[in-house]
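The values are calculated or read from the model by the stated rules, or taken from the named source; none is laboratory data. These numbers come from a predicted model, not from an experiment. Here the Cβ positions follow ideal geometry from the backbone for every residue, glycine too, while neighbour counts run over all protein chains shown.
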Amino acid sequence: MTRLNRRQLLTAAGASALALPAGASLAQAAPSAAPGDVPGAVPAASGPTYPSRPVTPGADREAANGWRTLAGQKVGIITNPTGILTNLRTIVDEMHEAGTVDIVGVFGPEHGFRGTAQAGSSEGTSTDPRTGLTVYDAYGATATTMEQLFRTAGVETVVFDIQDAGARFYTYIWTMYTAMRAAVATGSRFVVLDRPNPTGGTARGPMMTTAYTSGVGAKEIVQAHGMTVGELARFFDAEFLPADAGGRLAQLDVVEVSGWRRDMPYAATGLPWVMPSPNMPTPDTSLVYPGTGMFEGTNLSEGRGTTRPFELIGAPYVDYRWAERLEARGIPGVAFREAYFTPTFSKNANKVCGGVQVHITDPSAMDPVRVAVEMLVAAKALYADFAWRYDSYDPARPYWVDKLSGSTRLREQVTVGASADEVVGAWKAELADFDRRRQQYLIYRGPNA
């Protein structure tokens, strides 16, 4: 493919498959192959080409099989609005209407089963008006609480089907881990209907340390784990459950995604994007989130209350210099536009914020954690008003960014003026060790396996 310069890449990215005409597919929108391109492949705005064969999530494969592997069991389903088939209907509605699956309960994570709750909230326990099924509130549940819910519902098989965002601090994977611990206690089978990791399959960022585990990082994995939820379930079952639950799952089954490759971002899959949470509106959001999510731990707005959360970052004290300094760095895969915005809620609500919009020019070249570190280092150097968010409710661990990054190290390095290279270099060895450990649990292959 022809290589474009930085500004041309930005223009190309703006006309990407995320804005296709109604009814058009990525393959239909793709230009004719240039010399050297892979025949029948879907080109990205820049970088690799992707096979044009369809990507089929585990839920669709199981539905095509008539849900037969779940027949004759009492099934509890952990899902949210992303648990859909390619016909855009939820797996719960489809199973319920098919009548072939005995659903004894639905378990809603953060934001709820139907997705009506904002960040840090859930829908509570209720009766679903569409199906009449009991929906149990699983957000924030301990393993003991989840075990009680499973026993109350009479669950024999737990099904997990949620689109993850690929970041350690995205809470759905910890709802899954809690449910896995409860399933060990109840002897329940555990089935993951797998979906692509929207960031691809490369592991990035610092390791969580035991002292800073919390609901946004319950176990020791790196910040951008680069695994699907099915692969994570295999990792959790072998690496963490024996110590935390006294044993492994009685049976773990992963219904795999077909057609997905580890270097394939979500926009190249051709699958519909359903917001996994209210502040994850596009696949581009998920690409930057494993990094820019750390701005939750600062006094800058992370873009909540705008239409481009985690892409628009700023504060009332930020000016044009931040964008200029970041652009001068030539950070691979991204460009920075000087931006001004007024969040309607969350931090700096109803205040005009100066800042940047992060534009993705090449998903294959971008490291979202590196991008965020560059942004943090530059903001700290430029603005005396830059500050870390302080949470007095946890006096032993008061800085939220420590829970997001996994330790005090990143905050302390940025505070004393370390360079981005020094900050990123500090986790090189632990990242390599995690990448080595995860290899045996990976299902999907590709250049980044």
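Of the residues making up region 395-415, just one is farther than 22 Å from V369 by Cβ and either surrounded by 13 or more Cβ atoms within 10 Å (Cβ to Cβ) or in contact with a strand residue (DSSP E or B) (Cβ under 7 Å, 6 or more places away or on another chain) (or both), namely P398. Among the residues of region 380-412, those that are within 26 Å of A323 (Cα to Cα), more than 25 Å from the chain's Cα centre (by Cα) and small (G, A, S) comprise A381, A384, A387.
Here is a yes/no grid of residues against (1) touching a residue at least 60 places away in the same chain (Cβ under 8 Å); (2) under 19 Å from the mean Cα position of the chain (by Cα):
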position: T142; (1), (2): no, no
position: G166; (1), (2): yes, yes
position: W174; (1), (2): no, yes
position: A182; (1), (2): no, no
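Within region 24-39, is even one residue modelled with pLDDT of 95 or more, in a loop (DSSP other than H, G, I, E, B) and farther than 30 Å from R337 by Cβ? No: zero hits. The listed residues are G355, G297, G293, G303, and the only one of them that is crowded, with 23+ Cβ neighbours inside 10 Å, in contact with a Phe, Trp or Tyr (Cβ under 9 Å, 6 or more places away or on another chain) and under 14 Å from L382 (Cβ atoms) turns out to be G355.
Each residue in region 171-228 was checked for being within 19 Å of G140 (Cβ to Cβ) and not in a strand (DSSP E or B), and 21 pass.
Within region 79-131, the set of residues being more than 21 Å from V192 (Cβ to Cβ), at pLDDT below 90 and outside any loop (DSSP other than H, G, I, E, B) comprises S126, T127. Candidates G154, G187, G200: the one that is under 15 Å from the mean Cα position of the chain (by Cα), at positive phi and of a type outside the set (V, I, T) is G200.
Scanning region 238-268 for residues that are more than 21 Å from Q439 (Cα to Cα), at pLDDT below 95 and either charged (D, E, K, R) or out of contact with any helix residue (DSSP H, G or I) (no Cβ under 6 Å at 6 or more places or on another chain) (or both) returns a single hit, A268.
Only one of the listed residues (A396, A372, A449, A379) is farther than 20 Å from S214 by Cβ, modelled with pLDDT of 95 or more and either outside any strand (DSSP E or B) or not small (G, A, S) (or both). That residue is A379. Only one of (1) modelled with pLDDT under 95; (2) under 24 Å from R181 (Cα atoms); (3) in a helix (DSSP H, G or I) fails for R151. Which number is that? Evaluating R151 over (1) modelled with pLDDT under 95; (2) under 24 Å from R181 (Cα atoms); (3) in a helix (DSSP H, G or I) leaves (1) as the failure.
Out of all the residues in region 211-232, is one or more surrounded by fewer than 20 Cβ atoms within 10 Å (Cβ to Cβ), closer than 23 Å to L410 by Cα and assigned by TED's automatic domain parsing to the domain that holds T361? Checked region 211-232: no residue is surrounded by fewer than 20 Cβ atoms within 10 Å (Cβ to Cβ), closer than 23 Å to L410 by Cα and assigned by TED's automatic domain parsing to the domain that holds T361.
One residue stands out in region 418-445 among those that are within 20 Å of the chain's Cα centre (by Cα) and crowded, with 16+ Cβ neighbours inside 10 Å: the one that is nearest to T202 (Cα to Cα), namely D435. Suppose the filter is surrounded by 15 or more Cβ atoms within 10 Å (Cβ to Cβ) and in contact (Cβ under 8 Å) with a residue 60 or more places away in the chain; does V318 pass it? Spelling it out, V318 is indeed surrounded by 15 or more Cβ atoms within 10 Å (Cβ to Cβ) and in contact (Cβ under 8 Å) with a residue 60 or more places away in the chain.
Based on what the data block shows, is V274 assigned to a loop (DSSP other than H, G, I, E, B), surrounded by fewer than 19 Cβ atoms within 10 Å (Cβ to Cβ) and in contact (Cβ under 8 Å) with a residue 60 or more places away in the chain? So V274 passes the test.
Only residues that are touching a residue at least 40 places away in the same chain (Cβ under 8 Å) and of a type outside the set (D, E) were counted in region 78-110, giving 15.
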